[in-house]
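Colleague: Can you keep this structure in mind? I'll have questions shortly.
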Amino acid sequence: MELTGKVLSQILAKLKIEELNEMQQNMLSSYGSGDDFVLLSPTGTGKTLGFLLPVLNGLNKKVKGVQTLVLAPSRELALQIESVFKKLGTNFKVNCCYGGHPLKVELRNLSDPPALLIGTPGRIADHIKRKSFDPNNIHTLVLDEFDKSLEFGFQKEMEFITESLDLISKKILTSATRADEIPEFTGIVTPIILDYLGDVEPELLTIKAIKSENEEDDKLDILFHLICEIGHEPTLVFCNHKAAVARISEILWNRGIIHETFHGGLEQQERERALVKFRNGSLNVLITTDLAARGLDIPEIQNVVHYQIPYDEKSFTHRNGRTARMHATGKVYFVMAHKDFFPDYLKEEPEIELYKEAVNLPPKPKWETIFISGGKKDKINKVDIVGFFCQKGKLAKNELGLIEVKDFYSYVAVKKEKVKPLLKSLKGQKIKKQKLRIELAR
């Protein structure tokens, strides 16, 4: 598809952006050179659009079958890439494959193959072994956040996939950090490197350590009182292990802190629900492992909290990259017990703020999330949900927040005070002649 000035303008209008940033412009203008690419740019700078526009430029309507394959390290990132591509408003089919998604649905989708296939390495390798699609028309391979895929242990699967694609003419690797070397299995030797990994402007990012003078003070108490102070703003609390996430979550729930957890040990729908509630304002605090450090479609984060100090500088950089993005300000906090020390990789020690007890819990979020047991596969869309909630549920449009429609279910943000009367009004009602479960998302 040729991205002429007119076509590109139409796409930007659909995305509701005025112009491409420097990185996206350079990626698009350099892409026709025939070289492989390594695109390095911080989280939140539009890398997905940066590689999708050149990919779109290389798709041919006359070719049947998969033309471009995009590998992503997590389900959430794969789904985000699919969502961005759909927003471009093209006529090219796109499908997403990942662990936890019904295999039967994916096989049915692949029977009429998409031009763009997106997936996690494990699931795509499985489909290649099953011969679910013909790989012989694939000319472009994108390894998005390739270093994260390696960290997640996907090297064997990625090697298998690259060896199975004989006719690849273009490869794109993206990352939010500089790798020591490009993996040999990619076959990339002399790529064009577009490096936009400049440091965050120091005046935009404030780093503090919350520490106790008292050896007997519990670190969890410090975290609790910090959240009481900042928990009215979008806040990510990072731990090094999912066991720590679960332990901290239980204690914070018992103390009245509204939050959700996010880590690789949760089921896909649990992870998705947590992100939906975080995006739509039903909660402001998400306790997570480094799985949330990059590649997720979540709003601008005001606060990043290191409850457990990351093992290396790369992880530290990725976590902090969730805030102070695109010229916004942000705050980073270390939660430190009396005996804790700063890591060696810090260039300078942050300002230390002595722990103090907060008086009140943070205010409760203004929104709650409603679950509907029907989605795209049930021919339900956002317009249907708005009409149903406003007409049958008697809501004003400003009492509805973010609506997300998935394949088999949907989520709707509703003003907290309207939830009980809404559920009462909708009891027994049908959406598009379908009787569906409509309940509070838990």
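Colleague: Based on what the data block shows, is E260 surrounded by fewer than 18 Cβ atoms within 10 Å (Cβ to Cβ), in the same structural domain as D297 (by TED's automatic domain parsing) and charged (D, E, K, R)?
Modeller: Answer is no for this residue.
Colleague: Right, something else. Quick one: would you say A209 is among the hydrophobic types (A, V, I, L, M, F, W, C), surrounded by 14 or more Cβ atoms within 10 Å (Cβ to Cβ) and free of Cβ contacts under 8 Å to residues at least 40 places away in the same chain?
Modeller: So A209 does not fit the description; no.
Colleague: Being free of Cβ contacts under 8 Å to residues at least 24 places away in the same chain, in the same structural domain as T68 (by TED's automatic domain parsing) and within 25 Å of the chain's Cα centre (by Cα) narrows it down to one of L143, L110, L116, so name that one. Explain how you work it out, then say what you get.
Modeller: On the way: L143 fails: free of Cβ contacts under 8 Å to residues at least 24 places away in the same chain; L116 fails: free of Cβ contacts under 8 Å to residues at least 24 places away in the same chain.
Going through L143, L110, L116 in turn, just one is free of Cβ contacts under 8 Å to residues at least 24 places away in the same chain, in the same structural domain as T68 (by TED's automatic domain parsing) and within 25 Å of the chain's Cα centre (by Cα): L110.
Colleague: Residue pairs, Cβ under 8 Å, 6 or more apart or interchain, first in the stretch 2-17 and over 15 Å from L49 (Cβ atoms), second assigned to a helix (DSSP H, G or I). List them.
Modeller: E2/N57
Colleague: Shifting gears a bit: Please verify whether the stretch 80-98 includes one or more residues that are without any contact (Cβ under 8 Å) to a residue 24 or more places away in the chain and among the small types (G, A, S).
Modeller: The answer is no; no qualifying residue exists.
Colleague: Still on this structure, I have one more. Could you pull out the residue among R123, R75 that is surrounded by 14 or more Cβ atoms within 10 Å (Cβ to Cβ), more than 23 Å from N136 (Cα to Cα) and assigned by TED's automatic domain parsing to the domain that holds L15?
Modeller: Values: R123 fails: more than 23 Å from N136 (Cα to Cα).
Selected residue: R75, the only one of R123, R75 that is surrounded by 14 or more Cβ atoms within 10 Å (Cβ to Cβ), more than 23 Å from N136 (Cα to Cα) and assigned by TED's automatic domain parsing to the domain that holds L15.
Colleague: Check every one of the strands (runs of 3 or more DSSP E) wholly within the stretch 198-273 and list those with 1 or more residues that are at pLDDT below 95 and charged (D, E, K, R).
Modeller: Of the strands (runs of 3 or more DSSP E) lying wholly inside the stretch 198-273, those with at least 1 residues that are at pLDDT below 95 and charged (D, E, K, R) span 205-211.
Colleague: Just checking, how many residues over the stretch 291-315 are of a type outside the set (A, V, I, L, M, F, W, C), surrounded by 21 or more Cβ atoms within 10 Å (Cβ to Cβ), in contact with a Ser or Thr (Cβ under 6 Å, 6 or more places away or on another chain) and outside any loop (DSSP other than H, G, I, E, B)?
Modeller: Of the residues in the stretch 291-315, 1 are of a type outside the set (A, V, I, L, M, F, W, C), surrounded by 21 or more Cβ atoms within 10 Å (Cβ to Cβ), in contact with a Ser or Thr (Cβ under 6 Å, 6 or more places away or on another chain) and outside any loop (DSSP other than H, G, I, E, B).
Residue-wise test of (1) in the same structural domain as I161 (by TED's automatic domain parsing); (2) within 23 Å of F152 (Cα to Cα); (3) touching a Cys at 6+ places or on another chain (Cβ under 8 Å).
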position: T48; (1), (2), (3): yes, yes, no
position: L53; (1), (2), (3): yes, no, no
position: L56; (1), (2), (3): yes, no, no
position: E82; (1), (2), (3): yes, yes, yes
position: F133; (1), (2), (3): yes, no, no
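Colleague: Taking the stretch 364-397 as the search range and keeping residues that are in a helix (DSSP H, G or I) and among the aromatic types (F, W, Y), which one is surrounded by the most Cβ atoms within 10 Å (Cβ to Cβ)? Break it down into steps so the answer makes sense when it comes.
Modeller: Within the stretch 364-397, the subset in a helix (DSSP H, G or I) is 376-378, 382-391, 397.
Now restrict to residues that are among the aromatic types (F, W, Y): 388-389.
Numbers: F388: 21, F389: 26.
The qualifying residue surrounded by the most Cβ atoms within 10 Å (Cβ to Cβ) is F389.
Colleague: Where residues in the stretch 218-251 are farther than 25 Å from T206 by Cα and not basic (K, R), which of them is surrounded by the most Cβ atoms within 10 Å (Cβ to Cβ)?
Modeller: Going through the qualifying residues, I end up with S249.
The values are calculated or read from the model by the stated rules, or taken from the named source; none is laboratory data. Source: prediction; values computed, not measured. Here the Cβ is made from the backbone with ideal geometry for all residues, glycine too, and neighbour counts use every protein chain on show.
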